[in-house]
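What follows is a single structure, written as structure tokens, with notes after it.
We did not get these values from a lab; they are worked out from the coordinates using the rules stated. Source: prediction; values computed, not measured. Counting neighbours? That spans all protein chains shown, and the Cβs are built from the backbone with ideal geometry, glycine included.
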Amino acid sequence: MKPTVVVYNRLYEEALEYIRASCEVVYFTNYKENMPEFEKALKEADGLIGTRLKVDEALLDQAPHLKVIANKSVGYDNLDIPLIKKRGILAANTPGVLDDTVADTIVALMLAAARRVPELDQFVKTGGWTEKGFKDHQFGLDVHHKTLGIIGMGGIGSTLAKRARFGFDMNILYHNRSRNKQAENTYDAVYCQMDELLERSDFVCVMTPLTPETKGLIGKKEFSQMKETAVFINASRGAVVDETALIEALQSNRIWAAGLDVFEQEPVERDNPLLSMPNVVTLPHIGSATEETRKKMAMLAAENVVAGVTGRELKTPIF
Ligand code: GLV
């Protein structure tokens, strides 16, 4: 009998075909719209593939045959890893294939926030650009030759460092659990403690995964240590930042601007004060969202799930 794989959100046809070649597929383009069927499918599932489903004790209790969970994302804060391990289930994510695309998104946020691209785009489109011209107070900040502080120097962090160093002649500071010699040797990245990084950086970019240790990592104290001209970028997970502290730091001009791909609550609430600040550039959590990269992520996740249900080694295991 073929193993059963539950696909719990939209997946590219190529990846679905790959799984179907060796497995029975139960496909939900949006599991939330069909919870009774989804729960029924879990009872038979050997493999589970998708993005952002909270996998906790309650869910695992409904999936007694589960052998592997393949996240179609690099982040895996949706998974209770200690519990998954304890139950002898395998888990995989999709590192590497999205590094360039996410680094591009971060550069876009840095440039957009520093050079006030969305604000000035609106200025032009709403008829503000007249013969009277453009005011000094609409000027932005340079990105080139500035100091970029990267908190979390993994694959995406070092891909960003490469762009910043060679594309924009930036100086790179970083803070990480362990030293990243490759980034130090190749991009002249300088390891430093958080305090020093926050005080010296013109751009502060958070790239840490969300874990119990990194939840609320950047709060009131950290914003108070940044330069008044600092541009803060978050493309990791909203909960790594204390959003109330971020709002206060922006409202009181403690920092200059922010570029955000992620929020504490997603989709972001319509009345979130961040949405009405002209110096905040927002994106709807689309760091890796290009056609090419999302296809690669889907294929890698599909390869992981098939490997897991057929007793082969996962390509990119989490543990
Ligand atoms: C996106 O946020 C990811 O973790 O891949």
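Take every pair of alpha-carbon atoms less than 8 Å apart whose residues are at least six positions apart; their mean separation over the length of the chain yields a relative contact order of 20 percent. The H on the amide N of residue 216, modeled in the peptide plane, is under 5 Å from the matching H of 240, 241, each at least 5 residues off or on a different chain. A simple charge model with +1 on the Cβ of Lys and Arg, -1 on the Cβ of Asp and Glu and nothing else charged puts the dipole of the chain at about 480 debye relative to its Cα centre. In percent, rounded to a whole number, the relative contact order of region 141-220 is 38, using alpha-carbon pairs under 8 Å and six or more apart. Per residue, the average separation of C-alpha pairs within less than 8 Å and at least 6 apart gives region 99-282 a relative contact order of 21 percent. Electrostatic bookkeeping for residue 146 treats Lys and Arg as +1 and Asp and Glu as -1; over the other residues with beta carbon under 11 Å from its beta carbon, the sum is -1.
Highest first, please rank the peptides 291-300, 229-238 by the mean number of other Cβ atoms sitting within 10 Å of their residues.
Highest to lowest by the protection proxy: 229-238, 291-300.
Peptide packing: for 219-225, 179-185, the average count of neighbouring Cβ atoms within 10 Å per residue gives the ranking 219-225, 179-185, highest mean first.
For the peptides 190-203, 13-26, the ranking by packing is 190-203, 13-26, with the highest mean count of neighbouring Cβ atoms within 10 Å listed first. Distance from the C-alpha centroid of region 107-132 to that of region 1-41: 43 Å, rounded to the whole angstrom.
With springs only between Cα atoms under 10 Å apart, run a GNM on the chain and tell me which of 75, 167, 50 wobbles the most. Among 75, 167, 50, the largest mean-square fluctuation in the Gaussian network model of the chain belongs to 167. In the structure shown, the pairs 2/72; 67/181; 72/146; 2/85; 146/295; 54/125 are assessed against 31 Å; a Cα-Cα span above that value is assigned to 67/181; 72/146; 146/295; 54/125.
Each label was represented as a point 7 Å from its Cα along the Cα-to-Cβ direction; for residue 33 and residue 271 these points are 2.9 nm apart.
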